[in-house]
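Structure, as structure tokens:
The values are calculated or read from the model by the stated rules, or taken from the named source; none is laboratory data. Values in this document were obtained by computation on a predicted structure and should not be read as measured data. So basically every Cβ, Gly included, is an ideal-geometry build from the backbone, and we count neighbours across all protein chains shown.
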């Protein structure tokens, strides 16, 4: 230690300044980490847990409403429709018969609308049978459209189940991406693939629609909110969302949700991401 004061004056002034800066950085690094980085990490974790809880409550409420619609109003309307068919089988005055036809048509369209609401809400099949049958049921609603087709490639084991939170997130994200392709992008074909990857479960949705540059324009506010919802759902489970699109060359949506294959998934926000390449 006695030799240190003799050595320091022999150093050039710029080396002494660098030495002082280095010592100051070492002394301040730990307090800065505790004061700034640690609180931000805690805030990010708390945000992720809160977002996951909010989405869980929303899904539970949607499931309750959907089951009430399906088991209550849906069955009542179906019974009414059957009763109308039975009444039409009897000889009736022409005026009454025409009124029954109109009423039957109205009830039938109401039943179809109710089924659509159940599919777009939280269908019971998602909770009862899993992601694969739920997506197949969702895609079946597009079968009547001759100008639109969906190719579904399920690369997980048949009838395999994922954690409920993972199934719900993928079901919502895939459903939103397919709806955007059909209603906003003018696509004629959508390819949906569900598979495993190193990071977890991957869903890829590719359409041949008109595409876009950067973010969707202001005329597609519904689509913009849908993309925001997809990003939040992926982020709530520590996943990532990537969007690539070019005008006239369609759009690709890729989501990865962490999953270790043993029924565990990340429930903290690790920062999902969204990118668009034009």
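Every test in (1) out of contact with any helix residue (DSSP H, G or I) (no Cβ under 9 Å at 6 or more places or on another chain); (2) touching a residue at least 12 places away in the same chain (Cβ under 8 Å); (3) exposed (fewer than 15 other Cβ atoms within 10 Å of the Cβ); (4) in a helix (DSSP H, G or I) is passed by residue 153 save one, and that test is (4).
Of all the listed residues (90, 158, 113), the sole one being surrounded by fewer than 12 Cβ atoms within 10 Å (Cβ to Cβ), outside any helix (DSSP H, G or I), more than 19 Å from the chain's Cα centre (by Cα) and free of Cβ contacts under 8 Å to residues at least 24 places away in the same chain is 90.
Does at least one position in segment 258-275 carry a residue that is within 12 Å of the chain's Cα centre (by Cα), in the same structural domain as residue 166 (by TED's automatic domain parsing), modelled with pLDDT under 85 and closer than 30 Å to residue 157 by Cβ?
yes
For segment 76-84, the criterion of being touching a strand residue (DSSP E or B) at 6+ places or on another chain (Cβ under 6 Å) and either surrounded by 15 or more Cβ atoms within 10 Å (Cβ to Cβ) or in the same structural domain as residue 227 (by TED's automatic domain parsing) (or both) is met by no residue.
Which of the residues spanning segment 161-191 are assigned to a loop (DSSP other than H, G, I, E, B) and in contact (Cβ under 8 Å) with a residue 40 or more places away in the chain? Residues satisfying the conditions are 162, 163, 185, 187, 188.
Is it true that some residue in segment 122-135 is part of a loop (DSSP other than H, G, I, E, B), over 23 Å from residue 187 (Cα atoms) and touching a residue at least 40 places away in the same chain (Cβ under 8 Å)? Within segment 122-135, one or more residues are part of a loop (DSSP other than H, G, I, E, B), over 23 Å from residue 187 (Cα atoms) and touching a residue at least 40 places away in the same chain (Cβ under 8 Å).
Yes/no per residue for (1) modelled with pLDDT of 90 or more; (2) within 19 Å of residue 226 (Cβ to Cβ):
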residue	(1), (2)
121	no, yes
135	yes, yes
141	no, yes
160	no, no
198	no, no
205	yes, yes
